[in-house]
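**Student:** Below you'll find the structure I mean.
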Amino acid sequence: MNIHIKNGRLIDPANHIDGQQDVFIVEGRIAALGRAPAGFTAERTLDAAGLVVCPGLIDLSARLREPGFEYRATLESELAAAAAGGVTSLSCPPDTDPPLDEPGLVEMLKHRARSLSRSHVHPIGALTVRLAGEQLTEMAELREAGCVAFSQANTPIANTEVLLRALQYAATFGFTVWLHSRDPFLGRNGVAHDGEVATRLGLPGIPYSAETVALATTLRLARDTGVRLHVARISCADAVDMIEAARRDGLAVSCDVSINHLHLSERDIGYFSTHANLIPPLRSLRDRDVLRQALADGRIDALCSDHTPVDDDAKQLPFDEAEPGATGLELLLPLTLKWAQEMRLPLERALARVTCDAARILGLDAGTLAPGAPADICIFDPQAALRVTRDSLKSQGKNTPFLGHELPGKVVYTLVDGRVVFEAR
Amino acid sequence: MHNPQLNRNGELQHLLTIEGLPRDIITAILDTAVPFTEVAEREVKKLPLLRGKSVFNLFFESSTRTRTTFEIAAKRLSADVINLNITTSSTTKGETLLDTIDNLCAMQADMFVVRHASSGAPYLIAQHLSAIGRDDIHVINAGDGRHAHPTQGLLDMYTIRHYKKDFTGLTVAVVGDILHSRVARSQIHALTTLGVPEVRVIGPKTLLPAEVEKLGVHVFHDMRAGLKDVDVVMMLRLQNERMQGALLPSPQEFFKYYGLTLDKLELAKPDAIVMHPGPMNRGVEIDSAVADGPHAVILPQVTFGIAVRMAVMSILAAH
């Protein structure tokens, strides 16, 4: 279908565009910006007056809960949430049940996602079988089945020999490994940052060293093996410094932070709010402020939602028994905008962190509105406000520390491959 | 953020923690407890303040002493007491905590006395009661995880006031396993709220929680230095399981460096009192010569504990 998006403010960070330009879509791709290509007739015209037109968001971490956790969420519910959130590509961690450690599972997931014709789903394959940290998965086969990278999700590899071999093997094929830094022993029973709040509330703590010790090991092994490393969801200031130092030494390493850690701190646990039970834990206010600055100046490459739908029963428990995680697909754009407002960042720079920068980490031909690119587009009203309520969320997971908050930005249209997959009424 | 243990008028709705409790509420509880200590001396040890009320002792973690003192307190106020020992762990999932609460609400409970291994469990119950419109039911935290044991903290304050009269000139040391202790946290909040100018915590680094100084205490690792000129020594129980894992090398070494002995006690003021929440590990955190000696007020703590729990229950029932 030929679509004409008119009167919008076009922001394309990949090409440093921020200005009034129309977009013309032919056969699922961007055909032209500004002026219509020769012979173009629109079958549909979207009036974007007063709205921002930008590349569809790319979420580096969104759990869709299939297979295995369908009582928490399904592809249907979560891809509807993605569309409503303006997210047109997402990568999902392998911590499903069973984990994504076999090509057949990955093919099935990709097939299910394609049949729904919504956002693009890019699975991250398991680095070790059953994520158990013992035996390597068939990474090359998994790659052919569609995995874009390999990770352990939140499960650390206790045996550093296995970690070394996994990184070596991935490096053999040039695969990217995503690791979340978490020592298998330090803070193992912890549920909150080992600081003042955990001390006051009597919650078992997770010290900084649980993250930094694992990160130091990972960075060293990445250097020795030459693997392409992405450090997923950092939570503290020291991690930012360590990654910056590794880059100065010439290591190709990228990293991301979640929307929760960009805006919240340990204090948001309040009176044992299980919505603030997250992996990694929410750290101090100072850490949060460093993360916000580091994302702004590029020391942190990308922002992700770390979308983790959890059912009410698993959250209505004492804090240390509750399932960690927060829903986030529909909050990625509003919380990017809120961060941009609070840091006084130009929209173009802020949106880069959830579009072209994320695409670069995934190695995707996406996150750009250059002519020829797939027409994955998010059109939003930057002036409108979103009130986060259980009813406003399309995700089956209603678990977020932002419930009740009013956040900037409202998605009006989402297009995937030139198809309108979401339209606000 | 709304403090869930106070109602809209700032009165005590639930007793969940001492942190954030206004000083006048703490003082009112201690004052209310005074006449209740006399009830125990009477031939008929009953008052009608909770007549017709049902108090449910919900013990998700086993405890004999605390449960018994709550039971005695409730019965002296003429309440009906129902004891439920629901020992479950997160691994053996049966009925959820809130399902249990819903069922007990349907049995016309008036008060829940809750002991739970997870920090914050009584908050979850209080929030749930509010959500289902049962604000008429009061929750008393009888110990949750490492978080709080407010009636223990209050009875300790009652004991200190009984012997020392005034809080504002005291130096108090809390000694031992602060990290895992809900008692220590409640004591520290109570002491600082009541205006004790110097609160010390004494223990090895493995048994002190992160940033504990932010609770308003001075940290000592050397017990002799920490006990110098203190008016009150509050010993904590060292759970046997702390000897497993890497927290401590042995009970013997702990006793040598952090156990309260007569010679260490000599560093405190001559009229210092020694307290312990019980049950004691003699020869681990406290020497029998101290526990049974003239400075110890450990048994009066137990007696005062009943009066303080009666005070808490009667104040809650009046709101």
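**Student:** Testing residue A:218 on (1) surrounded by fewer than 22 Cβ atoms within 10 Å (Cβ to Cβ); (2) in a helix (DSSP H, G or I); (3) among the hydroxyl-bearing types (Ser, Thr, Tyr), one condition comes back false. Which one is that?
**Tutor:** Failed condition: (1).
**Student:** Among the residues of the range A:271-310, how many are under 23 Å from residue A:398 (Cα atoms) and aliphatic (A, V, I, L, M)?
**Tutor:** The number of residues fulfilling the criteria is 6.
**Student:** If you don't mind, another one. Considering only strands (runs of 3 or more DSSP E) fully contained in the range A:68-163, which possess at least 1 residues that are among the hydroxyl-bearing types (Ser, Thr, Tyr), crowded, with 24+ Cβ neighbours inside 10 Å and out of contact with any Phe, Trp or Tyr (no Cβ under 9 Å at 6 or more places or on another chain)?
**Tutor:** Qualifying strands (runs of 3 or more DSSP E): A:87-92.
**Student:** Being within 14 Å of chain B (Cβ to nearest Cβ) and either in a helix (DSSP H, G or I) or touching a residue at least 40 places away in the same chain (Cβ under 8 Å) (or both) is the filter here; which residues of the range A:198-215 pass it?
**Tutor:** A:198, A:199, A:200, A:201, A:203, A:204, A:206, A:208, A:209, A:210 - these are the residues of the range A:198-215 that are within 14 Å of chain B (Cβ to nearest Cβ) and either in a helix (DSSP H, G or I) or touching a residue at least 40 places away in the same chain (Cβ under 8 Å) (or both).
Residues checked against (1) away from chain B (no Cβ under 14 Å); (2) crowded, with 23+ Cβ neighbours inside 10 Å:
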position	(1), (2)
A:300	yes, yes
A:303	yes, yes
A:307	yes, yes
A:316	no, no
A:319	no, yes
A:351	yes, yes
A:355	yes, yes
A:360	yes, no
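**Student:** Out of B:243, B:235, which single residue is over 20 Å from residue B:261 (Cα atoms) and away from chain A (no Cβ under 13 Å)?
**Tutor:** B:243
**Student:** Quick one: residue A:266 ticks every box in (1) among the acidic types (Asp, Glu); (2) farther than 20 Å from residue A:155 by Cα; (3) touching a strand residue (DSSP E or B) at 6+ places or on another chain (Cβ under 6 Å); (4) away from chain B (no Cβ under 14 Å) bar one, so which box is it?
**Tutor:** For residue A:266, the failing item is (4).
**Student:** Pick from the range A:249-298 the residues that are of a type in the set (Lys, Arg) and surrounded by fewer than 20 Cβ atoms within 10 Å (Cβ to Cβ): which of them is nearest to residue A:315 (Cα to Cα)?
**Tutor:** Across the range A:249-298, the extreme among qualifying residues is A:267.
**Student:** Tell me, which helices (runs of 4 or more DSSP H) lie completely within the range B:128-227 with 1 or more residues that are under 19 Å from residue B:67 (Cα atoms) and within 14 Å of chain A (Cβ to nearest Cβ)?
**Tutor:** B:150-164, B:182-193
**Student:** Of everything in the range B:16-68 that's among the hydroxyl-bearing types (Ser, Thr, Tyr) and more than 15 Å from the chain's Cα centre (by Cα), which residue is farthest from residue B:82 (Cα to Cα)?
**Tutor:** B:27
**Student:** Which members of the range B:183-206 meet the condition of being surrounded by 24 or more Cβ atoms within 10 Å (Cβ to Cβ) and in contact (Cβ under 8 Å) with a residue 40 or more places away in the chain?
**Tutor:** The answer is B:183, B:184, B:185, B:186, B:187, B:190, B:202, B:203.
**Student:** Can you name every one of the helices (runs of 4 or more DSSP H) wholly within the range B:239-319 that holds 1 or more residues which are more than 30 Å from residue B:138 (Cβ to Cβ) and of a type in the set (D, E, K, R)?
**Tutor:** Where helices (runs of 4 or more DSSP H) fall fully within the range B:239-319 and carry at least 1 residues being more than 30 Å from residue B:138 (Cβ to Cβ) and of a type in the set (D, E, K, R), they are B:251-258, B:262-265.
**Student:** Something else: Mind listing whichever residues of the range A:299-347 are in contact (Cβ under 8 Å) with a residue 60 or more places away in the chain, out of contact with any Phe, Trp or Tyr (no Cβ under 9 Å at 6 or more places or on another chain) and farther than 30 Å from residue A:199 by Cα?
**Tutor:** The answer is A:301, A:302, A:329, A:330, A:332, A:336, A:338, A:341, A:346, A:347.
**Student:** Right, another one. Take the range B:38-57 and flag every residue that is modelled with pLDDT of 85 or more and among the hydrophobic types (A, V, I, L, M, F, W, C).
**Tutor:** Answer for the range B:38-57, where residues must be modelled with pLDDT of 85 or more and among the hydrophobic types (A, V, I, L, M, F, W, C): B:47, B:49, B:50, B:55, B:56.
**Student:** Just give me the residues in the range B:249-264 being out of contact with any strand residue (DSSP E or B) (no Cβ under 6 Å at 6 or more places or on another chain), of a type outside the set (Gly, Ala, Ser) and surrounded by 20 or more Cβ atoms within 10 Å (Cβ to Cβ), in sequence order.
**Tutor:** Once the filter is applied, which keeps residues that are out of contact with any strand residue (DSSP E or B) (no Cβ under 6 Å at 6 or more places or on another chain), of a type outside the set (Gly, Ala, Ser) and surrounded by 20 or more Cβ atoms within 10 Å (Cβ to Cβ), the range B:249-264 yields B:254, B:258.
The values are calculated or read from the model by the stated rules, or taken from the named source; none is laboratory data. From a predicted model like this one, the values you see are computed outputs, not experimental measurements. Neighbour counts run over all protein chains shown; Cβ positions are idealised from the backbone, glycine included.
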